[in-house]
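Engineer: Mind having a look at this structure? Questions to follow.
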Amino acid sequence: MAAPFFSTPFQPFVYQSPDDAVTPFQILGGEAQIVQIMLKPEDKVSAKPGCMCYMSGSIQMENVYAPENEAGMWQWVFGKNATKTIFVNSGSTDGFVAMAAPYLGRILPIDLARFGGEILCQPDAFLCSIGDVKVSSNTFDQRGPNRNAVERLLRQKVSGQGLAFMVGGGSVVQKNLEVGEILSVDICSIIALSTTVDVQIKYNGPMRRVVFGGENQNMVTAMMRGPGIVFIQSMPFPRLSQSIARGVTSPNMRLRDNPKLLMQILVFSFLAYLVLGSFLLYTDF
């Protein structure tokens with residue numbers, strides 16, 4: 001059985017890049033983890049903005065635009081971050097920087113070299129990286145019969161030669177799929193997967209149930225066929241936020257639990273308009 005790609009709490013690790021540069025790191029904590037990365041002079045770490053927890057005095061940080069993000073400008077227009085934060089050790093001695101998971105979950109160190117240089121993931125999964133790692137959004141290609149559908153769902157690709165740290169909500173499970181092995185996973189529960197996995201989207205039940213059904217009813221699942229590796233999370237952030245909203249919302253405001261409410265109202269209004277229009281047309285004659 002293949003060894004897992006993620007570590008246990010407090011376990012120290014060392015990442016060796018293709019040019020033999022060694023970077024020690026340590027994952028701390030249990031439910032809400034922190035990754036602490038040791039940096040030699042002039043070493044640097046790239047991270048998602050706002051995830052830094054603490055760092056030594058010799059570390060300098062700078063927000064820069066990410067040119068590899070092909071959808072960066074559109075992300076900026078719609079309020080998304082189109083930048084990344086670079087942390088550089090400008091001192092003469094070793095330093096450190098720690099990145100924190102934005103919600104309860106585990107941090108997964110993933111060596112991209114073991115995935116052929118790229119991996120697909122959820123848009124909020126990426127935390128930080130060591131080495132030459134690029135994070136791009138909405139980059140579709142034709143490598144496989146269902147690759148476009150998969151990348152529209154996962155919406156982010158991490159590529160390059162380096163170590164990428166990703167976050168999974170709740171408990172994290174790694175599934176190593178053999179050739180031809182099939183695994184069915186709820187769409188929201190996918191953290192990341194290797195590009196060798198063939199994925200087909202399955203709608204469970206009539207389309208009207210997918211449109212009008214409530215949240216967390218497993219209406220859409222991904223049928224995955226190996227070979228490849230899939231990382232699965234037990235508590236996706238959207239599911240966590242909906243559970244919190246239900247707990248703090250008063251009973252007379254529970255309609256907000258269903259984000260499809262607006263669509264339901266629009267469809268109902270359109271059908272009512274057709275019925276009323278047909279009735280008035282009939283009465284005119």
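Nothing in this text is a laboratory measurement; each read-out follows from the coordinates by a stated rule. A quick note: this is a predicted structure, and the numbers were derived from the prediction, not measured. Neighbour counts are summed over all protein chains in view; Cβ atoms, including those assigned to glycine, are modelled from backbone coordinates with ideal geometry.
Engineer: Quote to one decimal, in nm, the extra length available between Arg114 and Ile265 on full extension: 0.36 nm per residue of separation minus the C-alpha distance between them.
Structural biologist: In short, 49.6 nm is gained.
Engineer: Between Leu240 and Ile182, how many nm apart are label points set 7 Å from Cα along the C-beta direction?
Structural biologist: Each label point is offset 7 Å from its Cα along the Cβ direction, giving 3.3 nm.
Engineer: Still on this model: Past 20 Å, Cα to Cα: identify those pairs from Lys48/Lys157; Lys84/Lys134; Lys44/Lys84, in the order given.
Structural biologist: none
Engineer: On to the next question. Residue by residue through the stretch 165-181, what is 3J(HN,Hα) from phi via Karplus (6.51 cos²θ - 1.76 cosθ + 1.60, θ = phi - 60°)? Round to whole Hz and write x for glycine and proline.
Structural biologist: These are the phi-based 3J(HN,Hα) values: 9, 10, 10, x, x, x, 8, 10, 10, 9, 10, 9, 8, 7, 4, x, 6 Hz.
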